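All remarks here apply to the structure that follows.
The values are calculated or read from the model by the stated rules, or taken from the named source; none is laboratory data. Just so it is clear, the structure is predicted and the values come from calculations on it, not from any experiment. Methodologically, a virtual Cβ is constructed for each residue, glycine included, from the backbone with ideal geometry; neighbour enumeration extends over all protein chains shown. SASA here: full protein model, heavy atoms, side chains in, ligands and nucleic acids out. Shrake-Rupley method; radii C 1.70, N 1.55, O 1.52, S 1.80 Å.
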Amino acid sequence: GALPPPPTMMMPLLATAGDDGLALWDGGDRPRLRFAPHSASVSALQWTANDRVLASGSLDGSVVLSEPDGALFDTLRPAIAAGGRGPSVPVPVLAVTWSPASRYLASGSADALVRIFDLQKREHALTLRGQRSGVCGLSWSPSEVHVASASALGEVLVHRVQGSVAAVCRASAADGVAVRGVHWSPFHPSKLAAASDDGVVSLWDMTAIATAPPGASPLPSGTLIHKFSAHAGACCGVAWSRVNHHLLVSAAADGSIVFYDSTRLAVVRTIRAGGCPLTALAFAPDGLHIACGNAEGLVRVYDLRSLTDIPLWMQCAHEAPVAALAFQRSPGGGGGGGGACSSATPTATPAATPTATRIAETPMPEQLPPAAARAAPAPAPVLNMDPDYSSHAFASPYEARAAAAAAAAVTGAGVSLGEVAARGAGGGEGRTIGGEAGN
């Protein structure tokens, strides 16, 4: 039966975005903070792996990096020259994603380009080409070697960002149906999920990227594993669970959140989140909380240990449609204090003085790989990434405990959603399985 959440359940800090700016929520009746770092609508949000910086992309052409107290960390401004000449003009940013180690940030823009910024060097490092329309979905692979991009024309491309920088594989050809979300599986590096405007969620096997030569023409294609057609409206997002190997979720304009078993290729649960079209989705790294935002500015958070459609928390977060959502990793907000699901006003912890290393964070002791693995780093490729990161991806102690408990519970395909979610926050120390995927 249903396992109702305890009355003082800790909710991970949730960032929400609308036309009226950004807000940070920890389960109370009022936001911990509201601020407006952009001059136009926000299109995308994502926290760094250590919860200390929030990246927000906007139609004003900027990517703003903010700290949990709202302080400005940095501003990135992708720009192109007007007509190829003259002064640069802003290019609307439609998507953002961090590399798993949070040193690099990729932004997708309306000019069909993906730009990668090195936040340690504070410079524009790479430009990925190949799309023919606005890039409205991005995801960085757990290995940090590939970036997947999705376009308004429906094309999904995979670029290699180490060594020879080029498109190496195509998951979906342009068919005119926009793909709004794309996400790599954190447990199966060859699996890629994409959600499109026709309500279809596609699951791809991208094994071809391992052998595809850079710049091949025509591009090799991934293998379509399955198409889920559970929605009756346009999808607004798709996300994998970070504690359950099999679980995939999507949300759409039909007001539903649908959960899939990616191994059995079956729908395992559907949440009806009211009758208003959903416009944003976020799956918390703890594997227990799902957030959705709708066209009226309402945000709902569900605890998956409850098998009812009653939300754990619900607030009118914005005066216009919710454009984007992003959970931190730790309950209550690892970047500035915690809070229970109550109306009590939380007290934020002041942030430390920003420095260049806040993005490329030196791992905490529990995140470091074994000494033998770090003794002799390999020569740096085009992007200077730890060669051992993909096999030594450590999470916070909170997430590690949840992952260990969930991994122990999942012994094969077909485990029920309620069972896995209910065991996701159990005790026991452990490490995450696989890498940390970017949204």
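Laid out as a table, the results:
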read-out	value
Given (1) open to solvent by 10 Å² or more (accessible area, probe 1.4 Å); (2) at pLDDT 90 or above; (3) β-branched (V, I, T), index of the condition V249 fails	(1)
Scope segment 13-30; condition in a loop (DSSP other than H, G, I, E, B) and within 15 Å of V322 (Cα to Cα); matching residues	D19, D20
Residues (closer than 19 Å to A208 by Cβ and more than 19 Å from the chain's Cα centre (by Cα)) located in segment 122-151	L128, G130, Q131
Residue pairs meeting the criteria (Cβ under 9 Å; at least 6 apart or on separate chains; first within 14 Å of A251 (Cβ to Cβ) and free of Cβ contacts under 8 Å to residues at least 60 places away in the same chain, in segment 304-326; second open to solvent by less than 60 Å² (accessible area, probe 1.4 Å) and in a loop (DSSP other than H, G, I, E, B))	D309/A273; P311/A273
Within segment 223-331, strands (runs of 3 or more DSSP E) holding 1 or more residues that are among the charged types (D, E, K, R)	223-228, 256-261, 266-272, 298-303, 324-331
Among (1) open to solvent by 10 Å² or more (accessible area, probe 1.4 Å); (2) over 13 Å from L76 (Cα atoms); (3) of a type in the set (A, V, I, L, M, F, W, C), the one test that F117 misses	(2)
Any chance P220 is modelled with pLDDT under 85 and either over 19 Å from the mean Cα position of the chain (by Cα) or open to solvent by 30 Å² or more (accessible area, probe 1.4 Å) (or both)	yes
Any pair with Cβ under 9 angstrom, 6 or more apart, that starts in segment 156-167 at a residue that is within 17 Å of L138 (Cα to Cα) and ends at one that is at pLDDT 90 or above and of a type in the set (K, R)	H159/R129; A166/R129; A167/R129
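Condition check ((1) on the phi > 0 side of the Ramachandran plot; (2) part of a strand (DSSP E or B); (3) out of contact with any Ser or Thr (no Cβ under 7 Å at 6 or more places or on another chain); (4) open to solvent by 10 Å² or more (accessible area, probe 1.4 Å)) across all residues:
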{"residue": "H124", "(1), (2), (3), (4)": "no, yes, yes, yes"}
{"residue": "G130", "(1), (2), (3), (4)": "yes, no, yes, yes"}
{"residue": "E144", "(1), (2), (3), (4)": "yes, no, no, no"}
{"residue": "A148", "(1), (2), (3), (4)": "no, yes, no, no"}
{"residue": "G154", "(1), (2), (3), (4)": "yes, no, no, no"}
{"residue": "Q162", "(1), (2), (3), (4)": "no, no, yes, yes"}
{"residue": "V168", "(1), (2), (3), (4)": "no, yes, yes, no"}
{"residue": "G199", "(1), (2), (3), (4)": "yes, no, no, no"}
